[in-house]
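Working notes for the structure below.
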Amino acid sequence: MSSPSGAGRLISQRLAAEGLVVAAIAAWWFSSAQFPVNVFPSPLQVFWELVRLSMDAEFWGHAAATGIRVLLAVVLATVLGSGLGMLPRYVPWTSGIIDDVLIPFFTSFPAIVWAILGTIWFGLTGTAILIVQVLIIFPFCLVNVTEGNKDIGGEEIEMGRSFGRRPLAIFWRIELPLLAPFIISGARISYGVCWKISLIAELFGGRSGLGYMMQWARDFGSVDSIIAICLAIVFFVTIGDAFVLRPLTRLFEPKLEPSRRRSFLRRGGQGVIVPPALEGN
Amino acid sequence: MSMSTPSISPGSKPPLAVLTARRVSTVIFVVALFALWQWYSMNMPPVLIPSPARVFDRFAELWTDPRNLAYAIDSLVHVVVSVLLAFVLGVAIALLGYYFDVLDLAIYGRLTPFLNSFSSIGWAFLAMIWFGVNEGSVIFATTIVLLPFAIINAGTGLRELDREMIEMGRSFGRGARRQIIWIILPMMFPYLFATIRLCFGIGWQVVLTAELLCGSSGLGMLINLARQRYWTDMVFAVAALILIVVYLTDRIIFAAIQQRLRRRYELT
Amino acid sequence: MTAIIELDNVSVAFQREVVYDRLSFSVNDGEFLCIVGPSGCGKSTLLRVIGDLLGVDMGGVTVAGSPAAKAWQEIAYVFQSPRLLPWRDAEANVILGQQLRFGRARSMSEMRDKARSLLELVGLGRDMHKYPAMLSGGERQRVSIARALAVEPRIVLMDEPFSALDVTTRRRMRTEIVEIWKKTGKTIVFVTHEIDEALELADRVVVLSAKPTRVLETISIAAARPRNLAGPELNAARARLSHLLGLSGHHQE
């Protein structure tokens, strides 16, 4: 079980990872040659479509419409989900309602039905889409915060209460920071889901947005546009996750001692430290 | 819909548990919701809010009309087939990453994030263009949407495996197949089960979308039909059916099995 | 006496940490060999090297006349923790070792018979169908001893198998392991950090130094079993062992 040294391992993993990407594109290229363009376009065509879209003001308008709605929906859903998730802490009798009614209802309610009901109830408006998106993604935050609520230590809160009884201070200084990792992870999941699934809302209820654009592309049978828009969405999700949500996650991560990795070799040996003299050899 | 959660262990039931404040408030809440719905539907056109009675009639129709029942069964088949496909593929890919360390970044740094952020509507559209309006498209789209969940869950299970047990297995025999059959898969069982449970929950959502967009048979198509004809009561009835199916399978079947698994696999 | 295990100038390093620097010793066929050494000197790693669970960087390991990589079939392990699968009962856990080693080459009924007779041998004849969670620490370790013996190895490697047990159980297990060794005639390599345990069990004791590890001395103990740990011969051996281990501790500082 001797593993190769750390650096070599990283390099070979890197090679394999980029190799996979290259192989996937090559396979795409090769198989697209067997099909007509309106069924399976080649990577090059999709690339030019992406270039065309990126210079198309209309595309950026739709992307902005979707982006702003996603952002708003995530913020609203996070606030709503966290608020409801924390409610049982202060109003104990609501815990049954949230655990046994709201969570099962909202997690299993089909997204597509929300989308349809949204158009029936609110018409083809941006607000309707926003409401539908919030309804689809807020259970993710609700589940996370409810779990966190059960998980976070009564000890810290008891400690806080031993120093002072102002509930607002305990909430701000102790409870919210303890729950923050759960809230952020809920927001992170909702963000991904919102881009991925809640575009459904735009299919039925939209006059703008990438979902609407995709529907349009489908009606015209331009497969290269559909793939290009999907890739653009992958790009937007990745950017948002890497530049906003992952830093936020790290910021609110519980600062615990680094988990000690299990190792066959160190087990039993109590803290073996190599004498400095040996390191030179 | 106020079922007792199976997570309450039978030993710890206090006397008259049925009447705890928590349960009473839950029941009152549900009853109040239905009352509100009834009252509101009386003042609204049925196209917007159908009354509970109308929805119930439609719900009964789902069971009595053989065509509707066939749609429901079609959807169930789509879900089961896609979940199984995604599960087998996901576990295979995770095992590949486990045995070939070089693939770690390729799988968890490239493949899964890509699949995870690729729009499910996109897959549904592409499936329809590639494979036409049929069940194959629905199953393809659903499987590929579920795949990253399966890979990530199975991969976590593999990473959490007890290294000492693996070493014990290696000390007795070197055949990879025997290791997988006798040690790795049984040890992963709780994770594998959780993966299936998760995929099943998401699978319903995706199957409905795919059926609606690909226009193949199934509840999704029924919803689309109902939408175009403004049968709001039918939309409600299908939603209720799905809620009940998902809730019952998850909370009663899956949760009970998981509870038993946990008891069996815990060495204390 | 023929050597069944031979380590010839074995060197192992992990990243920058040198574990063994040209370590050599041998184990005779059928003997009970104990390995003692300061904590963290790589005693368990030594068993992994012998059992080919860990490769060496330099030198050679010969087991039963062939390189270690080819001879793992001659060896079975008893680990510090019993490592039983919680979803299998005692009998099925003993069968597991055989399944892993023989696959279909040995029939199920044969494996079951083997498991039963060995569970009898370790004194668990009545607990064959208990799950690990229902067994005590000592009983679990007995199951893992039966599991090791069931694959009919010539060599059993034991890695501080009794260190997690309470004092009374530990004492009883020592007596029993000697009995089992006498009955089965296996070669046993037994890692321990307790001097008295080595004195009670071993034909020979290999004393290792702190890292980078080498053999400080090999002490033969000829006293008949059951041994009187307070007798003059063992007292002398104990003094020697304590001296060696204490001295190697001084070297560190």
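Checking the condition polar (S, T, N, Q), in a helix (DSSP H, G or I) and within 22 Å of B:Trp231 (Cα to Cα), which residue from A:Thr127, A:Thr119, A:Thr107, A:Thr146 passes? Please lay out each step first, then the result.
On the way: A:Thr127 fails: within 22 Å of B:Trp231 (Cα to Cα); A:Thr107 fails: within 22 Å of B:Trp231 (Cα to Cα); A:Thr146 fails: within 22 Å of B:Trp231 (Cα to Cα).
Going through A:Thr127, A:Thr119, A:Thr107, A:Thr146 in turn, just one is polar (S, T, N, Q), in a helix (DSSP H, G or I) and within 22 Å of B:Trp231 (Cα to Cα): A:Thr119.
For the structure I just gave you, tell me whether A:Phe59 is out of contact with any strand residue (DSSP E or B) (no Cβ under 9 Å at 6 or more places or on another chain) and in contact (Cβ under 8 Å) with a residue 60 or more places away in the chain.
Working: out of contact with any strand residue (DSSP E or B) (no Cβ under 9 Å at 6 or more places or on another chain): yes; in contact (Cβ under 8 Å) with a residue 60 or more places away in the chain: yes.
Judged against the criteria, A:Phe59 is a match.
Please verify whether the range C:101-108 includes one or more residues that are of a type outside the set (Lys, Arg), surrounded by 21 or more Cβ atoms within 10 Å (Cβ to Cβ) and either at pLDDT 90 or above or not in a strand (DSSP E or B) (or both).
Step one: filter the range C:101-108 for residues of a type outside the set (Lys, Arg), giving C:102-103, C:105, C:107-108.
Within this subset, residues satisfying the condition of being surrounded by 21 or more Cβ atoms within 10 Å (Cβ to Cβ) are none.
Within the range C:101-108, not a single residue is of a type outside the set (Lys, Arg), surrounded by 21 or more Cβ atoms within 10 Å (Cβ to Cβ) and either at pLDDT 90 or above or not in a strand (DSSP E or B) (or both).
Considering (1) in contact (Cβ under 8 Å) with a residue 12 or more places away in the chain; (2) open to solvent by less than 10 Å² (accessible area, probe 1.4 Å), say which one B:Thr209 fails and leave the rest.
(2)
Touching a Gly at 6+ places or on another chain (Cβ under 7 Å) and open to solvent by less than 30 Å² (accessible area, probe 1.4 Å), is that true of B:Leu222? Let's see the steps before the verdict.
Values: touching a Gly at 6+ places or on another chain (Cβ under 7 Å): no; open to solvent by less than 30 Å² (accessible area, probe 1.4 Å): yes.
When the stated conditions are applied, B:Leu222 does not pass them.
Condition check ((1) within 9 Å of another protein chain (Cβ to nearest Cβ); (2) within 30 Å of C:Arg101 (Cα to Cα); (3) modelled with pLDDT of 90 or more) across all residues:
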{"position": "B:Arg170", "(1), (2), (3)": "yes, yes, no"}
{"position": "B:Gly175", "(1), (2), (3)": "yes, yes, no"}
{"position": "B:Arg178", "(1), (2), (3)": "yes, yes, no"}
{"position": "B:Ile184", "(1), (2), (3)": "no, yes, no"}
{"position": "B:Tyr191", "(1), (2), (3)": "no, yes, no"}
{"position": "B:Ile196", "(1), (2), (3)": "no, no, no"}
{"position": "B:Ile202", "(1), (2), (3)": "no, no, no"}
{"position": "B:Ala226", "(1), (2), (3)": "yes, no, no"}
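Of all residues in the range C:19-64, which are over 18 Å from C:Ala202 (Cβ atoms) and aliphatic (A, V, I, L, M)?
Within the range C:19-64, C:Val19, C:Leu23, C:Val49, C:Leu53, C:Leu54, C:Val56, C:Met58, C:Val61, C:Val63, C:Ala64 meet the criteria.
Being open to solvent by 30 Å² or more (accessible area, probe 1.4 Å) and not polar (S, T, N, Q) is the filter; apply it to the range A:205-215 and report the residue that is nearest to B:Ser119 (Cα to Cα). Let's see the steps before the verdict.
Applying the first criterion (open to solvent by 30 Å² or more (accessible area, probe 1.4 Å)) to the range A:205-215 yields A:207-208, A:212, A:215.
Keeping just the survivors that are not polar (S, T, N, Q) gives A:207, A:212.
On the way: A:Arg207: 19, A:Tyr212: 13 Å.
Looking at the filtered set, the residue picked out is A:Tyr212.
Which of (1) in contact with a Cys (Cβ under 7 Å, 6 or more places away or on another chain); (2) under 30 Å from B:Pro45 (Cβ atoms); (3) not charged (D, E, K, R) is the odd one out, the single condition A:Val74 does not satisfy?
All conditions are met except number (2).
For A:Ser162, which of the numbered conditions (1) farther than 25 Å from A:Thr249 by Cβ; (2) in contact (Cβ under 8 Å) with a residue 12 or more places away in the chain; (3) surrounded by fewer than 18 Cβ atoms within 10 Å (Cβ to Cβ) fails to hold?
Among (1) farther than 25 Å from A:Thr249 by Cβ; (2) in contact (Cβ under 8 Å) with a residue 12 or more places away in the chain; (3) surrounded by fewer than 18 Cβ atoms within 10 Å (Cβ to Cβ), A:Ser162 violates only (2).
If you scan the range C:64-91, which residues turn out to be facing another protein chain (nearest Cβ under 10 Å) and at positive phi?
C:Arg83
Restricting to the range A:10-27, what's the tally of residues that are within 7 Å of chain B (Cβ to nearest Cβ) and open to solvent by 80 Å² or more (accessible area, probe 1.4 Å)?
Of the residues in that region, 1 qualify.
Based on what the data block shows, is C:Ser163 within 14 Å of another protein chain (Cβ to nearest Cβ), open to solvent by 20 Å² or more (accessible area, probe 1.4 Å), more than 16 Å from the chain's Cα centre (by Cα) and on the phi < 0 side of the Ramachandran plot?
Values: within 14 Å of another protein chain (Cβ to nearest Cβ): yes; open to solvent by 20 Å² or more (accessible area, probe 1.4 Å): yes; more than 16 Å from the chain's Cα centre (by Cα): no; on the phi < 0 side of the Ramachandran plot: yes.
No.
Inside the range B:240-262, can you point out the residues that are of a type in the set (D, E, K, R) and over 13 Å from the mean Cα position of the chain (by Cα)? Spell out the reasoning first.
Initial filter on the range B:240-262 (of a type in the set (D, E, K, R)): B:250-251, B:260, B:262.
Once the filter is applied, which keeps residues that are of a type in the set (D, E, K, R) and over 13 Å from the mean Cα position of the chain (by Cα), the range B:240-262 yields B:Arg260, B:Arg262.
Out of everything in the range B:143-193 that is surrounded by fewer than 21 Cβ atoms within 10 Å (Cβ to Cβ) and among the polar types (S, T, N, Q), what residue ends up being farthest from the chain's Cα centre (by Cα)?
Only one residue tops the list, namely B:Gln179.
Mind listing whichever residues of the range C:203-216 are under 15 Å from the mean Cα position of the chain (by Cα) and in a loop (DSSP other than H, G, I, E, B)?
Of everything in the range C:203-216, just one residue is under 15 Å from the mean Cα position of the chain (by Cα) and in a loop (DSSP other than H, G, I, E, B), namely C:Asp203.
Test of understanding: among B:Val133, B:Val145, B:Val138, which residue is among the β-branched types (Val, Ile, Thr), at the interface with another protein chain (Cβ under 10 Å from one of its Cβ atoms) and in contact (Cβ under 8 Å) with a residue 12 or more places away in the chain?
On the way: B:Val133 fails: at the interface with another protein chain (Cβ under 10 Å from one of its Cβ atoms); B:Val138 fails: at the interface with another protein chain (Cβ under 10 Å from one of its Cβ atoms).
Checking each option against the conditions leaves just B:Val145.
Specify the residue that is farthest from C:Asp159 (Cα to Cα); the eligible residues are those in the range C:48-63 that are of a type in the set (A, V, I, L, M) and more than 11 Å from chain A (Cβ to nearest Cβ). Full working, then the answer.
To start, the set of residues in the range C:48-63 that are of a type in the set (A, V, I, L, M) comprises C:49-50, C:53-54, C:56, C:58, C:61, C:63.
Narrowing the set further to residues that are more than 11 Å from chain A (Cβ to nearest Cβ) leaves C:50, C:58, C:61, C:63.
Numbers: C:Ile50: 12, C:Met58: 23, C:Val61: 19, C:Val63: 18 Å.
Among those residues, the one meeting the criterion is C:Met58.
Condition (residue is hydrophobic (A, V, I, L, M, F, W, C), under 28 Å from A:Trp195 (Cα atoms), over 29 Å from the mean Cα position of the chain (by Cα) and part of a loop (DSSP other than H, G, I, E, B)) applied to the range A:13-34: is it met by at least one residue?
Within the range A:13-34, none of the residues are hydrophobic (A, V, I, L, M, F, W, C), under 28 Å from A:Trp195 (Cα atoms), over 29 Å from the mean Cα position of the chain (by Cα) and part of a loop (DSSP other than H, G, I, E, B).
All but one of (1) more than 23 Å from A:Ile68 (Cβ to Cβ); (2) of a type in the set (A, V, I, L, M); (3) in contact (Cβ under 8 Å) with a residue 40 or more places away in the chain hold for A:Val113, so report the exception by its number.
(3)
If I ask for residues that are of a type in the set (Ser, Thr, Tyr) and not in a strand (DSSP E or B), which ones from the range C:148-202 would you list? Walk me through it before giving the result.
First, the residues of the range C:148-202 that are of a type in the set (Ser, Thr, Tyr): C:163, C:168-169, C:175, C:184, C:187, C:192.
Selection gives C:Ser163, C:Thr168, C:Thr169, C:Thr175, C:Thr184, C:Thr192.
Residues that are in contact with a helix residue (DSSP H, G or I) (Cβ under 6 Å, 6 or more places away or on another chain) and farther than 16 Å from C:Met158 by Cα: does the range C:65-78 have at least one? Even if it seems obvious, please write down each step before you answer.
Looking only at the range C:65-78, we keep the residues that are in contact with a helix residue (DSSP H, G or I) (Cβ under 6 Å, 6 or more places away or on another chain), and these are C:76-78.
From the residues that got through so far, the ones that are farther than 16 Å from C:Met158 by Cα too are none.
No, there is no match, as no residue in the range C:65-78 is in contact with a helix residue (DSSP H, G or I) (Cβ under 6 Å, 6 or more places away or on another chain) and farther than 16 Å from C:Met158 by Cα.
Just give me the residues in the range A:39-90 being acidic (Asp, Glu) and either open to solvent by less than 20 Å² (accessible area, probe 1.4 Å) or in contact with a Ser or Thr (Cβ under 8 Å, 6 or more places away or on another chain) (or both), in sequence order. Full working, then the answer.
Here is the first cut: in the range A:39-90, the ones acidic (Asp, Glu) are A:49, A:56, A:58.
Across the range A:39-90, the qualifying residue is only A:Glu49.
For the range C:189-211, how many residues meet the condition of being open to solvent by less than 40 Å² (accessible area, probe 1.4 Å) and within 14 Å of chain A (Cβ to nearest Cβ)?
Final tally of qualifying residues: 5.
Against the condition of a type in the set (Lys, Arg) and part of a loop (DSSP other than H, G, I, E, B), how does C:Arg126 come out, does it pass? Give the derivation first.
Details: of a type in the set (Lys, Arg): yes; part of a loop (DSSP other than H, G, I, E, B): yes.
The answer is yes for C:Arg126.
Looking at this structure, is C:Ala224 buried (at least 17 other Cβ atoms within 10 Å of the Cβ) and in a loop (DSSP other than H, G, I, E, B)? Step through it out loud before you land on a result.
Details: buried (at least 17 other Cβ atoms within 10 Å of the Cβ): no; in a loop (DSSP other than H, G, I, E, B): yes.
The answer is no for C:Ala224.
The values are calculated or read from the model by the stated rules, or taken from the named source; none is laboratory data. What you see is a predicted model; the values in this text were computed from it and never measured. Heads up, the Cβs are rebuilt from the backbone with ideal geometry, glycines too, and the neighbour counts pull from every protein chain shown. These area figures cover heavy atoms from the full protein model, side chains too; ligands, DNA and RNA do not enter into them. Shrake-Rupley method; radii C 1.70, N 1.55, O 1.52, S 1.80 Å.
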